[in-house]
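Worksheet for the structure shown next.
The values are calculated or read from the model by the stated rules, or taken from the named source; none is laboratory data. None of these values were measured; they are calculated from a predicted model. When we count neighbours, we look across all protein chains shown, and the Cβ atoms used for this are built from the backbone with ideal geometry, even at glycine.
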Amino acid sequence: MAHLANPEPEFATKEVADLYHDFQRRMGFPAVPNFIKTQGHSIAAARGTWALVERVHVGGILPRTLKEMMFVAISRERASRYCEAAHLAVYANTVADATGMPADDMLAQF
């Protein structure tokens, strides 16, 4: 099976690098996640995914912590360990930012 490397921000086109930066900033992530970088070869695919993620994760009236709790439950039900771990980390960091409680303490509750 052929392997296609993910375009890293420093080697991506300006358009893709700008999208990565916006994603990272708006989502509050320390780095661009692989599921976005894998789409960096197609700005149309990356834009479409980011538009959906932005509306679901960032927009709306539900608090981000509640959304992340829902995503953890869905990921767990679907047995997606990658997604569950990612959403647990985002949940813990979001709650830690809002409450000052260390993220590790939040994760211990699960």
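Can you pull out the residues in segment 23-39 that are more than 17 Å from residue 11 (Cα to Cα), at pLDDT 90 or above and touching a helix residue (DSSP H, G or I) at 6+ places or on another chain (Cβ under 8 Å)?
Answer for segment 23-39, where residues must be more than 17 Å from residue 11 (Cα to Cα), at pLDDT 90 or above and touching a helix residue (DSSP H, G or I) at 6+ places or on another chain (Cβ under 8 Å): just 26.
Only one residue in 19, 52, 4 is free of Cβ contacts under 8 Å to residues at least 40 places away in the same chain, under 22 Å from residue 87 (Cβ atoms) and exposed (fewer than 13 other Cβ atoms within 10 Å of the Cβ), so which one is that?
52
Look through 20, 91 and report the one residue that is aromatic (Phe, Trp, Tyr), touching a helix residue (DSSP H, G or I) at 6+ places or on another chain (Cβ under 6 Å) and either outside any helix (DSSP H, G or I) or at pLDDT 90 or above (or both).
Selected residue: 20, the only one of 20, 91 that is aromatic (Phe, Trp, Tyr), touching a helix residue (DSSP H, G or I) at 6+ places or on another chain (Cβ under 6 Å) and either outside any helix (DSSP H, G or I) or at pLDDT 90 or above (or both).
With respect to residue 76, determine if the residue is surrounded by fewer than 16 Cβ atoms within 10 Å (Cβ to Cβ) and under 15 Å from the mean Cα position of the chain (by Cα).
No.
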